[in-house]
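Chemist: This is the structure I have questions about; it appears just below.
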Amino acid sequence: EDAEKGGYEQYMLKEITEQPRALRKCLRGRVDEEAEQVSLDLELERESVDRIHLLACGSSYHAALYGAQLFRARGIPAQTFLASEYGDRALAGDTPLVIGVTQSGETADTLGALRAAQAAGAETLTITNTVGSSAARECDHALFVRAGPEIGVAATKTFANQQTALHLLALWLGGGDADPSHIAALRAIPEQVQSILDDDSAREVAAELVDSAAYFFIGRGPQHPIALEGALKLKEISYEHAEGFAAGELKHGPIALVTTETPIIAMVTGDDERARKTVGNVKEVQARGAPVVAVTDGKANVEQYAQHVLSVPETEPEIAALLANVQLQLLAYWIARDMGRPIDKPRNLAKSVTVE
Ligand code: G6P
């Protein structure tokens, strides 16, 4: 087993580190820089897709929430459902394209929801890491994320590759053409992720934050699912109380929990309206004495309200959410590592849950 870990103490850190390579594989042959086009090997009639339902559990659900935003931004109505809550309610009337996002392709809740959708006549597609899985075999179409095997229970490289595959699918369904700067931004992801991996800041910030009462993550737009995922990652492997919120919702309840003992990890990328509003939310928690960790590309000047900064390179707003997540993976890893947790095999959790 030690040999398979390639010198890393934990599979999770190995898998985090493998992301640039895994992302290159996901993009290979699917993004044509010269033609400025995305091409996917799917026998799906693009014109027939007029709305989408995404179904998933756990981290894959957060990737699906992110994906729905990408589809909607390209004019395709898309809704995300927890697979265990899908039931038959969403199937009345016309049938959408139903996309099951599942790393393993074996999650019972997701398979159950996909089967219900098929029984109701919907066309199904799975975004999965596992060729030959039940989801890949049973769905009408499969888009493989090509992350390679993931052993650590907490999803890392498969999540980044799901985000990338969803991005490719959204561009493809939107017609395949993307503006040249967007294509260049997609192709730059592996290198930008590498630059985050080369930065030691998350380890240093983790050492400062360990022993906090609770950890709250906030983000808006594409960074909202990342706030949810960052909190899930931290709670899974550290057993600490962590919650993710839409930045705008803080004032509607969660801010009652904020004290000097509750770090707020805020994703603030770009300098658009959303970023400016999130900076406003950061000011509110800072005024209440909460330590703030800003995950930022520096464009919105949030640093002045933050005790700690985790940097991400500048890119398109949607891609910034993938980069920010890598800093959150590292933060969760180092907090759990400082606490001596069994990172690859957290108590009570399984890599793939085959019961409903
Ligand atoms: C389990 C794992 C999670 C994962 C979820 C969905 O709960 O511990 O990390 O996100 O299943 O798995 P899937 O294989 O469907 O993506």
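Chemist: Quick one: would you say ASN348 is open to solvent by 70 Å² or more (accessible area, probe 1.4 Å), more than 16 Å from the ligand (Cβ to nearest atom) and either in a strand (DSSP E or B) or out of contact with any helix residue (DSSP H, G or I) (no Cβ under 6 Å at 6 or more places or on another chain) (or both)?
Modeler: Answer is no for this residue.
Chemist: A further question on this structure: Every residue in segment 151-167 that is open to solvent by 10 Å² or more (accessible area, probe 1.4 Å) and closer than 19 Å to THR110 by Cα, please.
Modeler: Within segment 151-167, VAL153, ALA155 qualify.
Chemist: Go through segment 73-92 and give me each residue that's at pLDDT below 90, among the small types (Gly, Ala, Ser) and open to solvent by 70 Å² or more (accessible area, probe 1.4 Å).
Modeler: ALA92
Chemist: I'd like the full set of residues that are of a type in the set (S, T, N, Q) and open to solvent by 20 Å² or more (accessible area, probe 1.4 Å), limited to segment 11-61.
Modeler: Across segment 11-61, the qualifying residues are THR17, GLN37, SER39, SER48.
Chemist: Let me ask you something else. Do we have ALA275 as buried (at least 22 other Cβ atoms within 10 Å of the Cβ), among the aliphatic types (A, V, I, L, M), outside any strand (DSSP E or B) and in contact with a Lys or Arg (Cβ under 8 Å, 6 or more places away or on another chain) here?
Modeler: Judged against the criteria, ALA275 is a match.
Chemist: So, one more: Applying the selection to segment 113-146, what residues are open to solvent by 10 Å² or more (accessible area, probe 1.4 Å) and part of a loop (DSSP other than H, G, I, E, B)?
Modeler: If the condition is that a residue be open to solvent by 10 Å² or more (accessible area, probe 1.4 Å) and part of a loop (DSSP other than H, G, I, E, B), then ALA120, GLY121, ASN129, THR130, VAL131, GLY132, CYS139, ASP140, ARG146 are the ones that fit.
Chemist: Then there's this: Criterion first (more than 27 Å from GLY75 (Cβ to Cβ) and within 13 Å of the ligand (Cβ to nearest atom)) does ALA136 satisfy it?
Modeler: yes
Chemist: I'd like to check something: does segment 21-43 contain any residue that is out of contact with any Asp or Glu (no Cβ under 6 Å at 6 or more places or on another chain), within 16 Å of the ligand (Cβ to nearest atom) and either more than 21 Å from PRO222 (Cβ to Cβ) or free of Cβ contacts under 8 Å to residues at least 24 places away in the same chain (or both)?
Modeler: No, the conditions are met nowhere in segment 21-43.
Chemist: Taking ALA170, is it more than 16 Å from the ligand (Cβ to nearest atom) and open to solvent by 20 Å² or more (accessible area, probe 1.4 Å)?
Modeler: no
Chemist: Among the listed residues ALA294, ALA290, ALA332, ALA306, identify the single one that is at pLDDT 95 or above, buried (at least 17 other Cβ atoms within 10 Å of the Cβ) and under 17 Å from HIS224 (Cβ atoms).
Modeler: ALA294
Chemist: Also, quick follow-up: Could you say which residue among ALA68, ALA3 is within 17 Å of the chain's Cα centre (by Cα) and free of Cβ contacts under 8 Å to residues at least 24 places away in the same chain?
Modeler: After applying the criteria, what remains is ALA68.
The values are calculated or read from the model by the stated rules, or taken from the named source; none is laboratory data. Keep in mind it's a predicted model, so treat the numbers as computed, not measured. Ideal geometry is used to build each Cβ from the backbone, glycine not excepted, and the neighbour counts take in all protein chains shown. Calculation scope for accessible area: heavy atoms of the full protein, side chains included, ligands and nucleic acids excluded. Shrake-Rupley method; radii C 1.70, N 1.55, O 1.52, S 1.80 Å.
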